[in-house]
1. Of all residues in the stretch A:193-224, how many are free of Cβ contacts under 8 Å to residues at least 24 places away in the same chain, farther than 14 Å from A:PRO141 by Cα and not in a helix (DSSP H, G or I)?
2. Restricting attention to the stretch B:88-97, does a residue exist that is basic (Lys, Arg), in a helix (DSSP H, G or I) and touching a His at 6+ places or on another chain (Cβ under 7 Å)?
3. Of everything in the stretch A:170-222 that's at pLDDT below 90 and charged (D, E, K, R), which residue is surrounded by the fewest Cβ atoms within 10 Å (Cβ to Cβ)?
4. Could you pull out the residue among A:ARG290, A:ARG308 that is under 29 Å from B:ASP141 (Cα atoms), outside any strand (DSSP E or B), at pLDDT 95 or above and within 10 Å of another protein chain (Cβ to nearest Cβ)?
5. Looking at the stretch B:193-211, which of its residues are surrounded by 18 or more Cβ atoms within 10 Å (Cβ to Cβ), touching a residue at least 24 places away in the same chain (Cβ under 8 Å) and small (Gly, Ala, Ser)?
6. Would you please name the residue that is surrounded by the fewest Cβ atoms within 10 Å (Cβ to Cβ), looking only at residues in the stretch A:1-54 that are small (Gly, Ala, Ser) and under 26 Å from A:TYR110 (Cβ atoms)?
7. Name the single residue that is surrounded by the fewest Cβ atoms within 10 Å (Cβ to Cβ) among those in the stretch A:242-267 being touching a residue at least 24 places away in the same chain (Cβ under 8 Å) and among the hydrophobic types (A, V, I, L, M, F, W, C).
8. Starting from residues that are part of a helix (DSSP H, G or I) and small (Gly, Ala, Ser), keep the ones in the stretch A:225-243 and report whichever is farthest from the other protein chains (Cβ to nearest Cβ).
Amino acid sequence: MTTAPAQAEEASFEATLARHDRIEPRDWMPERYRATLVRQIAQHAHSEIIGMQPEGAWITRAPSLRRKAILLAKVQDEAGHGLYLYSACETLGVSRQELTEKLIEGKQKYSSIFNYPTLSYADVGTIGWLVDGAAICNQVPLCRTSYGPYGRAMIRVCKEESFHQRQGFELLATMMRGTDAQRAMVQESVDRFWWPALMMFGPPDADSSHTAQSMAWGIKRDTNDELRQKFVDMTVPQARALGVTLPDPDLVWNDEKGGHDFTQPDWAEFRDVVSGSGPCNAQRVAHRRRAHEDGAWVREAASAFARRQQQEPQQQEAVS
Amino acid sequence: MTDHTSAYDGLLGDDSAQWAFGQDFEDPLAGVDTTLAAGVDGAALAAYCLMLGDDALVHSHRLSQWASNAPDLEEDIALANIALDLLGQARLLLARAAAADPSVVPALPAGSPVPPEDALAFFRDDADFRNVRLVEGENGDFAVTTARLLLFSTHRLALLERLRDSVDPVLAAIAAKGVKEVAYHRDHAARWCVTLARGTEESRRRMRAGLDVVWPLHHELFRTHPVEATAAEQGFGVDPAGLAADVDVLLEQVLSVGGLDRPTVPPTGPLGRGAGRDGRHTEALGRMLAEMQVVARAHPTGRW
């Protein structure tokens, strides 16, 4: 039974949403709002952390010292994004440890794009340009999301993502000014990543189970199809500037709707990848699990050392 | 949020200032006077810069292999930071080597846009690398990495502090920048060394084992190679033998705070009469370079 104080809290929550103000960690919130946020922020944090793998695999093979520095800094940024986002999740009462365990047990998801392999150095550029580009389209509206810690984390994340996207585009543009083999490498990479990039916005609106409630709560601001359209419209002139062909013969400008018509990606493939049958699902989770398990003794040592320092402050001062 | 709502704006513009590292490759020594000081032999200076540059490049590469593999996110970020610092030092030192003696740079096909420091990093074979063997070994566990970073950064900080007075202004400037960076690396390694030594029984066992893995190669850091002797004589470099006592005091401090005994494992001997500074390496370096150089070598006229 709903009591009067509970009704007042709910009314205050609804009023905050209606004003487009932020909900803060100590504010009352419906349990389902909290659960939805945890699911979404954790999925986002996991995507950053799993996303370190496909590009990180090329750090040791980066073909110039400058590219090695750019890539290493980018993968480092992704670890930082994961950190902000896990922290935002902690304000909702879930620890990083719990979330990591859910990830490696396959109980929480991450962006399906990272279940595709990186097969050439051009993929580093394509991921920056298309994948980070699509991520920005998804994430920029989240800077205005109703939950304060998430929105503020997203402002920082988006600034850095936009930087990564430029770096990716710049790598591809440089390679396109290089040799024929390099140009072919870029085109092959774009051909491979175009469809998975379109899938990053999620299933068509008609099939999206979470969209309506998330929009009502101000957690989500645009529908999947709206964002996908925006991404395609922004990407076409960039592809032209690069000199690459997007692998969709039916991609044409439609004057009437003021946007491009384009072919939908293979949604059966999307469902397969999301449900675990992508080319790299098992590999990505196994890598995360191994790193987490290999590091357990270090984390335990750090905790034990910190406890000892608290217990023996005088002794610590004496040795430091 | 108007700043962030149009992330795509400017992507197609021609304002090169928007790019993180410039739109074209920038000469890392652009605008720097690379004229040799009086009494400095260019070939010796180049050989010396390759030694310090290769130490940084190879160690950076090993540390970068921790990306997405570290015990925690904070450590992933920290190790990447250290790797980036060393990569930056390597880039400057290899560029200085190429400017001091262009004959050290491997020849590439006519018209290749590969800059000299990249030619040095990606087109030399292992026998032409001049790094000490300490930095090239496989990472091992986090304790081995910590032990290696402790030995290397303690040595390198002592070296760079003295190198700030080099008669070569470029080396002096690289050293001045590097001192600030490596002071952090040493601090980071020392903290972890103590934390692991005084953490759990297992971490203490692993820290001891890690020190045993790297300690035998530590002595090589203080062997004076003829190039280093020349560098010290001509005033542009430092005789590493003179660093040993200071480094030892610092290492002893860390070991004693951690309650660790000094390892008693014997030093790894030279190969023939040579070691890393002579291009005599361990098996690990060839494998490491095969991976590091594979893309660059497949595209000797490529533009990155």
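The values are calculated or read from the model by the stated rules, or taken from the named source; none is laboratory data. Since we're looking at a predicted model, the values are computed, not measured. Reconstructed Cβ throughout: ideal geometry from the backbone, glycine too, with neighbour counts over all protein chains shown.
1. So the answer is 3.
2. Kept after step one, since they are basic (Lys, Arg), are these residues of the stretch B:88-97: B:91, B:96.
Adding the requirement that they be in a helix (DSSP H, G or I) leaves B:91, B:96.
Filter again for touching a His at 6+ places or on another chain (Cβ under 7 Å), leaving none.
No; the residues of the stretch B:88-97 include none that is basic (Lys, Arg), in a helix (DSSP H, G or I) and touching a His at 6+ places or on another chain (Cβ under 7 Å).
3. Going residue by residue through the stretch A:170-222, those that are at pLDDT below 90 are A:205-222.
Next, only the ones that are charged (D, E, K, R) stay: A:205, A:207, A:220-222.
Values: A:ASP205: 14, A:ASP207: 11, A:LYS220: 24, A:ARG221: 16, A:ASP222: 18.
Selected residue: A:ASP207.
4. Details: A:ARG308 fails: at pLDDT 95 or above.
From the options A:ARG290, A:ARG308, the qualifying one is A:ARG290.
5. Correct list: B:ALA197, B:SER203, B:GLY210.
6. From the stretch A:1-54, those small (Gly, Ala, Ser) are A:4, A:6, A:8, A:11-12, A:15, A:18, A:35, A:42, A:45, A:47, A:51; that's our starting set.
Next, only the ones that are under 26 Å from A:TYR110 (Cβ atoms) stay: A:35, A:42, A:45, A:47, A:51.
On the way: A:ALA35: 13, A:ALA42: 26, A:ALA45: 27, A:SER47: 21, A:GLY51: 25.
The selected residue is A:ALA35.
7. A:TRP267
8. Applying the first criterion (part of a helix (DSSP H, G or I)) to the stretch A:225-243 yields A:225-242.
Keeping just the survivors that are small (Gly, Ala, Ser) gives A:239, A:241.
On the way: A:ALA239: 11, A:ALA241: 5 Å.
Only one residue tops the list, namely A:ALA239.
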